[in-house]
Each structure stands twice: as C-alpha cells, then as structure tokens.
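> Sending over a structure as structure tokens; questions will come in a sec.
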Amino acid sequence: MIPLGTDRITRKTPVTTALIAVNIVIFLLVSLGLNGQSSIAAEIMRVGTFYPGFRTVITHPWTLATYAFLHDPSGLGHVAFNMLFLWIFGRSVEDRLGPLWFLAFYLAGAIVAALGEWMLDPAPMIGASGAIAAATGAFAALCPRSRVRVLFFFSIIEVPGIVLVLIFVGLDLFGQLGKTISEHGGVAYSAHLFGYAFGMATMLALLAMGILRRTDFDLFFLMKQWRRRRVMRAALQQGANPWTNDASGVAIQSSSANLPSVSTTPIARRPLSDEDAKRELVDASARWTRGEFSGAATTWERFAMRCPSHPDADGAILLAAMTFVRKLNDPGRGIALARRLLLRVPVATAEILHQARELIAEAGGTEDSVAS
C-alpha cells in the first residue's frame, strides 16, 4: 500500500521541503561518490551512521540524528519511499506544529527511533524511516479521519488516516516478530514502532495539556464521537426513543431541554424578502464565528423554514444539523434535521444528500431512526 496524497489542505511547509531536499542531496553525493571511489563519501557514511553502544553515544552523540539523513546508496528505493512518506504525512504535522517545533519534533523522533532500535536489535543504522514513522504517528493523532489516497495493487483507493497508520503499525509489528537479520542488515522494524508510538503519544499529550489547540478532526474528537455512537446504540437497543417531534415537524431530542437558548417551539413560517434572507444568513454565520453555536443553529433552521425554496435552504439545514451534532452535543436533533434533507421534495443535491447521510452515520443514527 503506497500513499499518494491526502485530502488535507496545508499552508507552506518549509521544513518538510528542506528535509526532503537535504536527504536527496546527501544521497546523491554519497551514491555518486561511492561509485567513484570517493573517500569523502565513505567518510560521510562512517561518521554519520549510528552504531549502537554507550561509547558511541558518548563520543559520537550526533549520530543519533545524522543517521536519519543517510540512505542505502545502492538504489533509489530506500530514499524515494522515505521522502514520499515524509512529503505526504510531514506537511500536515508541520502545518499544525509550525516549522521550528516540527523540526524539533522530527529530530526527537529520529533519536527515539534510534534508541528503540538499539534496545531491541542493536545494529548499525541509517535511514529516515524512524523519524518519518514519528511524523506518521503524529498524523494519525492529529488527522485520524483524513482520507489518504493509496495505490493498492493496480487501483487507487481512499483510506481513513487512522486505519492506514494502524495497518502500517501491524505490518511493522509482524515484521518485528518474525525478523531475521542477514549479514547485510535488514529493516529496522523496532525503530518504526518506537517512532509511531513517540509521534502519537507526543501529539496526544500536547492536545490533552492544551499546548496544541484541539479541533474537530483530532483523535480525541474521534473518540468522543465513538462514545456518542455507543450511547445512541445502547438507547435504541433498550427500546428507548430519544427523539420526539415538535409541531413544526422538526425532530427534537428530549435532552435538548438543558439548552435553554435553543427554542423547541414551532418556527415562524412568514416568508422573508431577499434582503432579509441575506441578513439571516449573515447573522447565522457571524453567530457561529463568535462561538454562539446555539443561536447560529436556530437562525439557520428558521431561515430554511421561512425560505424553503431559497437556493441556500438545504445548505442551512445541513449547517444547523452539523452544529447540533458537533458543537451542541445534541445528536438527536442533528439527525432529525439531516433526515429532513433525505425526505425533501424536490430532492436535494447529491452532495447535500451525501453529507447528510455521513452526518447521520457520524452521530450514530440511521436514515429511518426518527419517526416522521
């Protein structure tokens, strides 16, 4: 499985680009130099390679990091695959950490990977895969739901980030359990595993302590969604119906009573003028930006009720549904609004229907889980 890209949109990532450039330049210098019997190239490999041992760590401590800039000079495969992984996963991590902190994290990942390999399989070590495994583990913690395009045999598929990383971890764990080192060396599976663990643990710690800002895309939010779905399934299995319908036909979750700012009374249906409709949409967006999620959801819902034929009506309902599910902890009401889009006549656009179905699944409901 070869990753080709993700759906993450990143800003400029100078450190990732620079690391790739440095690795490629060093590889070319060493590879061409060794082919030409250059003593300088041989010296670079000797001085930069990490040789496990207390004496080496004391006398040549820099090798704990420099080994990550050296690759097998006999072919392109080693450096090419490492740089591909770094480009795909490193940019997203650098985008969250910032250039300087990402560089520190990358070098720390290289050091931890080297120490891990020393503990389990002491042997001379080169290659950036340990540090890149740290970046990959960090990506899994920060962007678990990101879709990664993967070349699988002769087709391209999309895999959730967390699933792909777990597959990589499983493959490396399997490789470590059955590892046999030949006289020419082998794959540093334990360095990969220590890298994954370091990257994921570091990001989770930064998120938990509030040093790194939490988002609706990180692993903590994903675990929160899993807990919500378990609660919803448990309620349905016990025969409980956590939803009731109000007079306007909008399904309201009974637990929403603890949200006094969200009205459960029928919403006025007086049509709005074009100017008033525009004002309503601007007001809803402004409320959401200020963190007034309850007021924003209610405004979007009211707008859709009063302007059902407006081009933005379906989008407003979807935004309200997403806000109830992801911001107001009211999955019942969000599911009900999303389900309205599925039952709408005329039918909503394919994109709106797709997002509505995904939201219902995310909240732990089904398309027919709310009584009409």
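> Cut-off 17 Å, label point 7 angstrom out along Cα-to-Cβ of Ile2: give me the residues of segment 72-97 whose amide nitrogen falls inside.
Residues passing the 17 Å test: 75-89.
> Also, I was wondering about something else. Could I have the simple spin-label model distance between Phe153 and Ser309, label points 7 Å from Cα toward Cβ, reported in nm to one decimal?
5.2 nm
> Are there chymotrypsin sites (Phe, Trp or Tyr not before Pro) in segment 280-337 that DSSP puts in a loop and that have at most 13 other Cβ atoms within 10 Å, and which ones?
On the way: sites: Trp288, Phe293, Trp300, Phe303, Phe324; in loops: none.
Nothing satisfies the criteria.
> While we're on this one: Taking amide H positions as placed in the peptide plane 1.01 Å from N, state which residues far from Val148 in sequence (5 or more) or on other chains have amide H under 5 Å from it.
Correct list: Val159, Gly161.
> So how do Arg8, Arg96 line up by other beta-carbon neighbours within 10 Å, fewest first?
Taking fewest neighbouring Cβ atoms as first place, the list is Arg8, Arg96.
> Moving on to the next point. Would you kindly derive the ³J(HN,Hα) couplings of segment 104-118 from the backbone phi angles with the Karplus curve 6.51 cos²θ - 1.76 cosθ + 1.60 (θ = phi - 60°), listing them in order in whole Hz, with x for Gly and Pro?
Karplus-based 3J(HN,Hα) across segment 104-118 equals 4, 5, 4, 5, 5, x, 4, 5, 4, 4, 5, 5, x, 5, 4 Hz.
> Using the beta-carbon distance between Ala361 and Asp276 and R0 = 35 Å, what value does 1/(1 + (r/R0)^6) give for FRET efficiency, to the nearest 0.05? Don't skip to the end; give the middle numbers.
Details: r = 35 Å, r/R0 = 1.00.
In this case the efficiency is close to 0.50.
> Given the C-alpha centroids of segment 74-91 and segment 279-297, what is the distance between them in whole angstrom?
Measuring centre to centre over Cα atoms gives 44 Å.
> Taking R0 as 41 Å, what FRET efficiency do you get between Leu100 and Leu342 from their Cβ-Cβ distance, rounded to the nearest 0.05?
0.30
> Using R₀ = 30 Å, calculate the FRET efficiency as 1/(1 + (r/R₀)^6) where r is the Cβ-Cβ separation of Phe221 and Arg11; round to 0.05.
After rounding, the FRET efficiency stands at 0.90.
Read the figures in this text as sums done on the coordinates, not as results from a lab. Keep in mind that what you see is a predicted model, and the values were worked out from it rather than measured. All Cβ positions, even for glycine, are placed from backbone atoms using ideal geometry, and neighbour counts span all protein chains on display.
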